[in-house]
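Before any comments, here is the structure.
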Amino acid sequence: MPIVNRVADLHDEIKGWRHDLHAHPEILFDVHRTADVVAEKLKSFGCDDVVTGIGRTGVVGVIRGRKGGSQRTIGLRADMDALPITEATGLSYASKNDGKMHACGHDGHTAMLLGAAKYLAETRNFDGTAVVIFQPAEEGGGGGREMVKDGMMDRFKVEEVYGMHNYPGIPLGEFAIRSGPMMAAADRIYIDIEGLGGHAARPHTSIDTVVVGAAIINQLQTIVSRNVDPLESAVISITQFHAGTADNIIPQTAQLRGTARSLTEATRDIVEKRVREVVEGTAKLYGAKATLTYKRDYPVTRNHDRQTSFAAEVAANVVGKDRVDTGTPPVMGAEDFSFMLESRPGAFIFVGNGDSAGLHHPQYNFNDEIIPVGTSYWVKLVETALRG
(Lines give C-alpha, C1' and ligand atoms only; values in the text may rest on other atoms or scores of the structure.)
Protein backbone atom coordinates (compact mmCIF):
# COMPACT_ATOMS: atom_id res chain seq x y z
CA MET A 1 0.00 0.00 0.00
CA PRO A 2 1.38 3.48 -0.87
CA ILE A 3 1.44 4.73 2.71
CA VAL A 4 3.20 8.08 2.97
CA ASN A 5 6.78 7.30 4.06
CA ARG A 6 6.94 10.06 6.65
CA VAL A 7 3.62 8.87 8.10
CA ALA A 8 5.02 5.36 8.41
CA ASP A 9 7.99 6.84 10.29
CA LEU A 10 5.58 8.60 12.66
CA HIS A 11 3.57 5.44 13.39
CA ASP A 12 5.06 4.67 16.80
CA GLU A 13 4.81 8.29 17.93
CA ILE A 14 1.16 8.54 16.88
CA LYS A 15 0.46 5.21 18.56
CA GLY A 16 1.94 6.59 21.78
CA TRP A 17 -0.39 9.57 21.61
CA ARG A 18 -3.34 7.21 21.06
CA HIS A 19 -2.43 5.05 24.07
CA ASP A 20 -2.17 8.14 26.29
CA LEU A 21 -5.59 9.35 25.14
CA HIS A 22 -7.02 5.86 25.64
CA ALA A 23 -5.79 5.76 29.22
CA HIS A 24 -7.43 9.11 30.02
CA PRO A 25 -10.93 9.05 28.49
CA GLU A 26 -13.31 11.95 29.01
CA ILE A 27 -17.04 12.24 28.41
CA LEU A 28 -19.14 14.58 26.26
CA PHE A 29 -18.00 18.22 26.59
CA ASP A 30 -15.84 17.49 29.63
CA VAL A 31 -12.78 16.76 27.48
CA HIS A 32 -10.50 19.36 29.03
CA ARG A 33 -7.38 17.21 29.32
CA THR A 34 -7.83 15.83 25.81
CA ALA A 35 -8.40 19.27 24.33
CA ASP A 36 -5.33 20.61 26.15
CA VAL A 37 -3.20 17.76 24.80
CA VAL A 38 -4.48 18.38 21.27
CA ALA A 39 -3.94 22.14 21.46
CA GLU A 40 -0.41 21.82 22.84
CA LYS A 41 0.57 19.36 20.13
CA LEU A 42 -0.86 21.52 17.37
CA LYS A 43 1.11 24.48 18.71
CA SER A 44 4.28 22.38 18.91
CA PHE A 45 3.79 21.31 15.28
CA GLY A 46 3.88 24.95 14.24
CA CYS A 47 0.27 25.36 13.13
CA ASP A 48 -0.44 28.91 11.98
CA ASP A 49 -3.31 29.26 14.40
CA VAL A 50 -4.70 27.13 17.23
CA VAL A 51 -8.08 28.08 18.68
CA THR A 52 -9.69 26.44 21.69
CA GLY A 53 -13.18 26.67 23.13
CA ILE A 54 -15.04 26.28 19.83
CA GLY A 55 -18.36 24.60 20.56
CA ARG A 56 -17.45 24.83 24.27
CA THR A 57 -14.39 22.54 24.30
CA GLY A 58 -13.53 21.95 20.65
CA VAL A 59 -10.10 22.72 19.18
CA VAL A 60 -9.29 23.98 15.69
CA GLY A 61 -5.86 24.14 14.07
CA VAL A 62 -5.07 26.10 10.91
CA ILE A 63 -2.27 25.05 8.54
CA ARG A 64 -1.51 27.13 5.45
CA GLY A 65 0.23 25.63 2.44
CA ARG A 66 3.43 27.06 0.98
CA LYS A 67 2.39 26.87 -2.67
CA GLY A 68 0.78 29.77 -4.54
CA GLY A 69 -1.85 31.86 -2.84
CA SER A 70 -5.08 29.93 -3.11
CA GLN A 71 -7.86 30.89 -0.73
CA ARG A 72 -9.36 27.37 -0.84
CA THR A 73 -9.93 25.82 2.59
CA ILE A 74 -10.98 22.31 3.58
CA GLY A 75 -11.79 20.94 7.01
CA LEU A 76 -10.84 17.57 8.48
CA ARG A 77 -12.71 16.44 11.58
CA ALA A 78 -11.96 13.99 14.41
CA ASP A 79 -13.98 13.36 17.58
CA MET A 80 -12.38 13.38 21.04
CA ASP A 81 -14.93 12.08 23.56
CA ALA A 82 -15.28 8.64 25.16
CA LEU A 83 -18.22 6.64 26.53
CA PRO A 84 -19.60 5.88 30.02
CA ILE A 85 -18.49 2.23 29.84
CA THR A 86 -16.25 0.25 32.20
CA GLU A 87 -13.35 -1.10 30.16
CA ALA A 88 -12.71 -4.86 30.07
CA THR A 89 -9.75 -5.11 27.68
CA GLY A 90 -6.95 -5.78 30.19
CA LEU A 91 -4.65 -3.54 28.15
CA SER A 92 -1.53 -2.06 29.71
CA TYR A 93 -2.89 1.37 28.72
CA ALA A 94 -6.49 0.67 29.76
CA SER A 95 -8.65 3.47 31.10
CA LYS A 96 -7.52 5.06 34.35
CA ASN A 97 -10.86 6.84 34.70
CA ASP A 98 -13.43 4.56 36.30
CA GLY A 99 -16.57 4.05 34.27
CA LYS A 100 -15.18 5.83 31.21
CA MET A 101 -13.70 4.20 28.13
CA HIS A 102 -12.68 4.94 24.56
CA ALA A 103 -15.00 2.23 23.26
CA CYS A 104 -15.64 3.85 19.88
CA GLY A 105 -12.10 4.62 18.73
CA HIS A 106 -12.20 8.38 19.10
CA ASP A 107 -8.74 8.15 20.65
CA GLY A 108 -7.54 6.70 17.34
CA HIS A 109 -9.40 9.29 15.29
CA THR A 110 -7.81 12.11 17.29
CA ALA A 111 -4.34 10.58 17.10
CA MET A 112 -4.52 10.05 13.33
CA LEU A 113 -5.62 13.62 12.68
CA LEU A 114 -2.85 14.88 14.96
CA GLY A 115 -0.41 12.80 12.92
CA ALA A 116 -1.71 14.33 9.71
CA ALA A 117 -1.47 17.82 11.23
CA LYS A 118 2.16 17.23 12.17
CA TYR A 119 3.02 16.05 8.67
CA LEU A 120 1.10 18.86 6.95
CA ALA A 121 2.68 21.52 9.17
CA GLU A 122 6.12 20.10 8.37
CA THR A 123 5.73 19.82 4.60
CA ARG A 124 3.01 22.34 3.64
CA ASN A 125 3.03 20.78 0.19
CA PHE A 126 -0.33 22.21 -0.85
CA ASP A 127 -1.93 25.42 -2.08
CA GLY A 128 -4.60 26.67 0.31
CA THR A 129 -5.52 26.03 3.94
CA ALA A 130 -6.16 22.87 5.91
CA VAL A 131 -8.33 23.24 9.01
CA VAL A 132 -8.08 20.37 11.48
CA ILE A 133 -11.17 20.09 13.70
CA PHE A 134 -11.19 18.24 17.02
CA GLN A 135 -14.73 17.91 18.27
CA PRO A 136 -16.15 17.11 21.72
CA ALA A 137 -19.41 15.37 22.58
CA GLU A 138 -20.10 13.22 19.53
CA GLU A 139 -21.58 10.52 21.76
CA GLY A 140 -24.99 12.07 22.27
CA GLY A 141 -24.01 15.63 23.13
CA GLY A 142 -24.12 17.16 19.67
CA GLY A 143 -20.65 18.67 19.78
CA GLY A 144 -20.63 18.95 16.00
CA ARG A 145 -23.83 20.99 16.14
CA GLU A 146 -22.31 23.25 18.80
CA MET A 147 -19.15 23.90 16.78
CA VAL A 148 -21.24 24.82 13.73
CA LYS A 149 -23.51 27.06 15.85
CA ASP A 150 -20.37 28.72 17.20
CA GLY A 151 -19.63 29.96 13.68
CA MET A 152 -16.70 27.62 12.99
CA MET A 153 -17.35 27.19 9.27
CA ASP A 154 -17.55 30.91 8.55
CA ARG A 155 -14.82 31.90 10.98
CA PHE A 156 -12.27 29.56 9.37
CA LYS A 157 -13.75 29.88 5.84
CA VAL A 158 -14.23 26.12 5.51
CA GLU A 159 -15.56 25.26 2.04
CA GLU A 160 -15.67 21.45 2.29
CA VAL A 161 -15.49 19.13 5.30
CA TYR A 162 -14.49 15.48 5.66
CA GLY A 163 -14.85 12.93 8.45
CA MET A 164 -13.65 9.39 9.10
CA HIS A 165 -14.63 6.61 11.53
CA ASN A 166 -13.16 3.18 12.15
CA TYR A 167 -15.48 0.23 11.56
CA PRO A 168 -15.09 -3.24 13.10
CA GLY A 169 -15.76 -5.99 10.58
CA ILE A 170 -14.32 -4.12 7.63
CA PRO A 171 -10.86 -5.61 6.95
CA LEU A 172 -7.76 -3.64 7.86
CA GLY A 173 -6.55 -1.45 5.05
CA GLU A 174 -9.97 -1.10 3.45
CA PHE A 175 -12.36 1.83 3.19
CA ALA A 176 -16.13 1.99 2.71
CA ILE A 177 -18.22 4.94 1.58
CA ARG A 178 -21.40 5.79 -0.28
CA SER A 179 -23.05 8.86 -1.72
CA GLY A 180 -26.27 9.99 -0.06
CA PRO A 181 -27.43 8.63 3.32
CA MET A 182 -24.44 7.07 5.08
CA MET A 183 -25.80 6.92 8.64
CA ALA A 184 -29.24 7.37 10.13
CA ALA A 185 -31.03 10.20 11.82
CA ALA A 186 -31.35 9.55 15.56
CA ASP A 187 -34.32 10.76 17.59
CA ARG A 188 -34.92 10.44 21.33
CA ILE A 189 -38.12 9.00 22.79
CA TYR A 190 -39.24 9.89 26.33
CA ILE A 191 -42.55 8.42 27.53
CA ASP A 192 -44.02 9.25 30.93
CA ILE A 193 -47.00 7.13 32.00
CA GLU A 194 -49.40 7.90 34.80
CA GLY A 195 -51.93 5.34 36.02
CA LEU A 196 -53.35 4.61 39.45
CA GLY A 197 -51.13 2.98 42.03
CA GLY A 198 -52.32 0.43 44.53
CA HIS A 199 -51.81 -2.91 46.25
CA ALA A 200 -50.45 -5.69 44.06
CA ALA A 201 -53.10 -8.04 45.49
CA ARG A 202 -55.90 -5.75 44.28
CA PRO A 203 -55.00 -4.92 40.66
CA HIS A 204 -58.65 -4.33 39.77
CA THR A 205 -58.59 -1.16 41.86
CA SER A 206 -55.53 0.19 40.04
CA ILE A 207 -54.37 1.20 36.58
CA ASP A 208 -51.15 -0.74 36.24
CA THR A 209 -48.45 1.36 34.56
CA VAL A 210 -46.23 -1.72 34.12
CA VAL A 211 -48.92 -3.37 31.99
CA VAL A 212 -49.48 -0.11 30.09
CA GLY A 213 -45.77 0.31 29.47
CA ALA A 214 -45.42 -3.27 28.24
CA ALA A 215 -48.36 -2.78 25.88
CA ILE A 216 -46.87 0.43 24.51
CA ILE A 217 -43.54 -1.30 23.86
CA ASN A 218 -45.23 -4.14 22.00
CA GLN A 219 -47.38 -1.80 19.91
CA LEU A 220 -44.42 0.41 18.99
CA GLN A 221 -42.83 -2.60 17.30
CA THR A 222 -45.68 -2.65 14.75
CA ILE A 223 -44.74 0.76 13.37
CA VAL A 224 -41.71 -0.40 11.38
CA SER A 225 -43.39 -3.63 10.24
CA ARG A 226 -46.76 -2.11 9.33
CA ASN A 227 -46.40 1.65 8.75
CA VAL A 228 -42.98 2.08 7.13
CA ASP A 229 -42.49 1.21 3.46
CA PRO A 230 -40.70 -2.19 3.38
CA LEU A 231 -38.15 -0.69 0.98
CA GLU A 232 -37.26 2.02 3.50
CA SER A 233 -35.33 1.61 6.75
CA ALA A 234 -36.34 2.46 10.30
CA VAL A 235 -35.60 1.28 13.82
CA ILE A 236 -37.52 1.86 17.06
CA SER A 237 -35.85 0.57 20.22
CA ILE A 238 -37.11 1.11 23.76
CA THR A 239 -34.02 0.72 25.91
CA GLN A 240 -35.18 1.74 29.39
CA PHE A 241 -38.24 0.86 31.49
CA HIS A 242 -38.39 2.38 34.98
CA ALA A 243 -41.27 1.61 37.32
CA GLY A 244 -42.05 0.55 40.85
CA THR A 245 -40.42 0.51 44.27
CA ALA A 246 -41.54 -2.80 45.82
CA ASP A 247 -42.86 -6.22 44.81
CA ASN A 248 -46.28 -5.64 46.40
CA ILE A 249 -47.02 -2.18 44.99
CA ILE A 250 -48.54 -1.40 41.60
CA PRO A 251 -46.67 1.78 40.61
CA GLN A 252 -48.48 5.02 39.95
CA THR A 253 -46.00 6.06 37.26
CA ALA A 254 -43.58 4.54 34.77
CA GLN A 255 -41.03 5.89 32.35
CA LEU A 256 -39.88 4.49 29.03
CA ARG A 257 -36.86 5.74 27.11
CA GLY A 258 -35.61 4.84 23.66
CA THR A 259 -34.52 5.87 20.19
CA ALA A 260 -35.88 5.98 16.65
CA ARG A 261 -33.68 5.80 13.57
CA SER A 262 -34.46 6.60 9.91
CA LEU A 263 -32.73 7.45 6.64
CA THR A 264 -35.22 9.86 5.04
CA GLU A 265 -37.25 12.80 6.27
CA ALA A 266 -40.46 11.19 5.03
CA THR A 267 -39.84 8.07 7.12
CA ARG A 268 -38.80 10.19 10.06
CA ASP A 269 -42.12 12.05 9.88
CA ILE A 270 -44.12 8.81 9.71
CA VAL A 271 -42.27 7.32 12.68
CA GLU A 272 -42.75 10.38 14.88
CA LYS A 273 -46.46 10.62 14.00
CA ARG A 274 -47.13 6.95 14.66
CA VAL A 275 -45.11 6.83 17.88
CA ARG A 276 -47.25 9.64 19.25
CA GLU A 277 -50.49 7.99 18.18
CA VAL A 278 -49.48 4.58 19.57
CA VAL A 279 -48.29 5.96 22.90
CA GLU A 280 -51.31 8.15 23.55
CA GLY A 281 -53.85 5.68 22.14
CA THR A 282 -52.52 2.64 23.98
CA ALA A 283 -52.45 4.47 27.30
CA LYS A 284 -56.01 5.67 26.77
CA LEU A 285 -57.11 2.10 26.02
CA TYR A 286 -56.00 1.12 29.54
CA GLY A 287 -57.40 4.21 31.23
CA ALA A 288 -53.95 5.70 31.80
CA LYS A 289 -52.30 8.86 30.54
CA ALA A 290 -49.01 8.88 28.63
CA THR A 291 -46.99 11.96 27.70
CA LEU A 292 -44.53 11.65 24.83
CA THR A 293 -41.53 13.90 24.40
CA TYR A 294 -40.09 13.19 20.97
CA LYS A 295 -36.79 14.98 20.37
CA ARG A 296 -35.33 15.12 16.90
CA ASP A 297 -31.63 14.85 17.52
CA TYR A 298 -28.92 13.99 14.98
CA PRO A 299 -30.00 14.32 11.33
CA VAL A 300 -29.11 11.85 8.59
CA THR A 301 -25.39 11.78 7.79
CA ARG A 302 -25.72 12.51 4.08
CA ASN A 303 -22.64 12.45 1.86
CA HIS A 304 -22.48 14.86 -1.07
CA ASP A 305 -21.95 13.31 -4.49
CA ARG A 306 -18.84 15.12 -5.73
CA GLN A 307 -17.03 15.02 -2.40
CA THR A 308 -17.86 11.32 -2.00
CA SER A 309 -16.32 10.50 -5.38
CA PHE A 310 -13.27 12.56 -4.46
CA ALA A 311 -12.87 10.89 -1.05
CA ALA A 312 -13.13 7.46 -2.68
CA GLU A 313 -10.42 8.39 -5.21
CA VAL A 314 -8.13 9.56 -2.42
CA ALA A 315 -8.72 6.36 -0.44
CA ALA A 316 -7.99 4.31 -3.56
CA ASN A 317 -4.75 6.21 -3.96
CA VAL A 318 -3.76 5.05 -0.47
CA VAL A 319 -4.92 1.42 -0.44
CA GLY A 320 -5.84 0.55 -4.03
CA LYS A 321 -9.16 0.81 -5.86
CA ASP A 322 -10.12 -2.79 -5.12
CA ARG A 323 -9.99 -2.03 -1.38
CA VAL A 324 -12.50 0.81 -1.44
CA ASP A 325 -16.18 -0.12 -1.32
CA THR A 326 -18.08 2.79 -2.89
CA GLY A 327 -21.51 1.23 -2.44
CA THR A 328 -21.46 0.22 1.19
CA PRO A 329 -24.97 -0.04 2.68
CA PRO A 330 -26.02 2.74 5.04
CA VAL A 331 -25.98 1.90 8.75
CA MET A 332 -28.59 2.79 11.35
CA GLY A 333 -26.08 4.22 13.78
CA ALA A 334 -25.93 8.01 13.91
CA GLU A 335 -23.20 10.65 13.71
CA ASP A 336 -23.22 14.30 14.59
CA PHE A 337 -20.81 14.95 11.74
CA SER A 338 -24.20 15.23 10.03
CA PHE A 339 -24.46 18.81 11.29
CA MET A 340 -21.21 19.70 9.54
CA LEU A 341 -22.43 18.06 6.32
CA GLU A 342 -25.62 20.13 6.55
CA SER A 343 -23.45 23.24 6.81
CA ARG A 344 -20.91 22.41 4.10
CA PRO A 345 -20.50 19.82 1.32
CA GLY A 346 -18.30 16.89 2.25
CA ALA A 347 -18.10 13.17 2.88
CA PHE A 348 -17.81 10.70 5.74
CA ILE A 349 -15.83 7.49 5.23
CA PHE A 350 -15.32 4.24 7.17
CA VAL A 351 -11.88 2.70 7.61
CA GLY A 352 -11.65 -0.97 8.54
CA ASN A 353 -10.80 -1.90 12.14
CA GLY A 354 -10.52 -5.58 11.27
CA ASP A 355 -11.87 -8.42 13.35
CA SER A 356 -12.33 -6.59 16.65
CA ALA A 357 -15.04 -6.32 19.26
CA GLY A 358 -17.86 -4.05 18.16
CA LEU A 359 -18.13 -0.34 18.81
CA HIS A 360 -19.44 0.55 22.29
CA HIS A 361 -18.36 -2.85 23.64
CA PRO A 362 -16.26 -3.04 26.85
CA GLN A 363 -13.65 -5.18 25.04
CA TYR A 364 -13.37 -2.96 21.97
CA ASN A 365 -10.00 -1.47 21.07
CA PHE A 366 -8.93 0.72 18.19
CA ASN A 367 -6.49 -1.19 15.98
CA ASP A 368 -3.16 0.64 15.84
CA GLU A 369 -2.43 -0.89 12.43
CA ILE A 370 -5.02 1.52 11.00
CA ILE A 371 -2.90 4.54 11.93
CA PRO A 372 -0.70 4.73 8.79
CA VAL A 373 -3.73 4.11 6.57
CA GLY A 374 -6.01 6.74 8.13
CA THR A 375 -3.26 9.32 8.56
CA SER A 376 -2.14 8.88 4.95
CA TYR A 377 -5.74 9.32 3.82
CA TRP A 378 -5.91 12.68 5.59
CA VAL A 379 -2.60 13.79 4.13
CA LYS A 380 -3.50 12.75 0.58
CA LEU A 381 -6.91 14.37 0.92
CA VAL A 382 -5.35 17.75 1.63
CA GLU A 383 -2.53 17.48 -0.89
CA THR A 384 -4.90 16.35 -3.65
CA ALA A 385 -7.75 18.76 -2.94
CA LEU A 386 -5.35 21.66 -2.58
CA ARG A 387 -2.91 20.73 -5.31
CA GLY A 388 -0.93 23.75 -6.49
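The values are calculated or read from the model by the stated rules, or taken from the named source; none is laboratory data. The structure displayed is predicted, hence computed values, not measured ones. Cβ sites come from the backbone with ideal geometry, for glycine too, and all protein chains shown count toward neighbours. Heavy atoms of the whole protein, side chains included, go into the accessibility calculation; ligands, DNA and RNA do not. Shrake-Rupley method; radii C 1.70, N 1.55, O 1.52, S 1.80 Å.
Farthest toward the positive end of the dipole of the stretch 244-343, out of F337, G320, P299, is the Cα of P299, where the dipole comes from beta carbon charges about the Cα centre.
Over 26 Å apart at the Cα level, from the set K15/K96; K43/K100; K43/K157; K15/K43; K41/K157, are K43/K100.
Here the Karplus relation 6.51 cos²θ - 1.76 cosθ + 1.60, evaluated at θ = phi - 60°, turns the backbone of the stretch 173-179 into coupling constants of x, 10, 10, 9, 7, 8, 7 Hz, with x for every Gly and Pro.
For Cα pairs less than 8 Å apart in space and 6+ apart in sequence, what is the mean separation divided by the residue count of the chain, i.e. the relative contact order in percent?
Details: 941 pairs, mean separation 94.7, N = 388.
Relative contact order, the chain: 24 percent.
Whole-Hz Karplus values for the stretch 9-20 come out as 5, 7, 3, 5, 5, 5, 4, x, 4, 4, 5, 5 Hz, taken residue by residue from phi with 6.51 cos²θ - 1.76 cosθ + 1.60 and θ = phi - 60°; glycine and proline positions read x.
Accessible surface area normalised per residue over the stretch 140-285 is 47 Å², counting heavy atoms of protein chains with a 1.4 Å rolling probe.
Tell me the carbon and sulfur percent of the accessible area for the chain, rounded to whole percent, probe radius 1.4 Å. Mind showing how you got there, number by number?
On the way: 7590 of 15860 Å².
Result for the chain: 48 percent of the exposed heavy-atom area is carbon or sulfur.
Taking the dipole about the Cα centre of the chain, with the C-beta of Lys and Arg at +1 and of Asp and Glu at -1, give me whichever of A8, L28, M152 is farthest to the positive side. Toward the positive end, the furthest listed residue is M152.
Among beta bridges from DSSP that stay inside the chain, the antiparallel ones total about 70%.
Among T293, T57, T264, the largest mean-square fluctuation in a Gaussian network model of the chain, built with springs joining Cα atoms closer than 10 Å, belongs to T293.
For the chain, take the alpha-carbon Rg, divide it by the Kirkwood Rh, and send me Rg/Rh. Each step should come with its number before you reach the end.
On the way: Rg = 23.3 Å, Rh = 22.3 Å.
My calculation puts Rg/Rh at 1.05.
Amide H contacts of L91: none lie under 5 Å away among residues 5 or more positions distant or on a separate chain (H built 1.01 Å from N in the peptide plane; Pro and chain starts excluded). Here the relative contact order of the stretch 14-118, from alpha carbon pairs under 8 Å that lie six or more residues apart, stands at 37 percent.
For R302, the residues whose modelled amide H falls within less than 5 Å of its own, excluding neighbours fewer than 5 places apart on the same chain, are M182.
Placing +1 on the Cβ of every Lys and Arg and -1 on the Cβ of every Asp and Glu, with nothing else charged, gives the chain a dipole about its Cα centre of roughly 660 debye.
As a test of the formula, what do you get for the chain when each DSSP H run with n ≥ 4 contributes -39,500 (n - 2.57) and the sum is divided by the residue count, at 222 nm and rounded to the nearest 500 deg cm²/dmol? Walk me through the intermediate numbers first.
Numbers: 11 runs with 137 residues, N = 388.
One gets -11000 deg cm²/dmol as the mean residue ellipticity at 222 nm.
Relative to the Cα centre, the charge distribution of the stretch 165-288, modelled as +1 at Lys and Arg Cβ and -1 at Asp and Glu Cβ, gives a dipole magnitude of about 60 debye. Counting only DSSP beta bridges whose two residues both lie in the stretch 1-136, roughly 60 percent are antiparallel. Of the residues V37, V271, V324, the one that moves most in a GNM of the chain with alpha-carbon contacts below 10 Å is V37.
Viscosity 0.890 mPa s, temperature 25 °C: Stokes-Einstein D of the stretch 39-192 from its Kirkwood Cα radius, in µm² per second? This corresponds to a translational diffusion coefficient of 142 µm²/s. Considering the chain as a Gaussian network with a 10 Å cut-off on Cα pairs, which listed residue, M152, M182, M101, attains the greatest mean-square fluctuation? Answer for the Gaussian network model of the chain: M152. Scalar couplings 3J(HN,Hα) for the stretch 137-146, obtained by applying the Karplus form with A = 6.51, B = -1.76, C = 1.60 to θ = phi - 60°, are 6, 6, 7, x, x, x, x, x, 4, 5 Hz; x denotes Gly and Pro. Charge dipole of the stretch 136-215 (Cα centre as origin; +1 on each Lys and Arg Cβ, -1 on each Asp and Glu Cβ, all else neutral): 100 debye, rounded to the nearest 20.
Candidates A117, T205, L381 compared by Cα position along the dipole of the chain: farthest toward the positive end lies L381, with charges placed on Cβ.
In this structure the stretch 7-97 gives 43 Å² per residue of accessible area when probed at 1.4 Å with all protein chains present.
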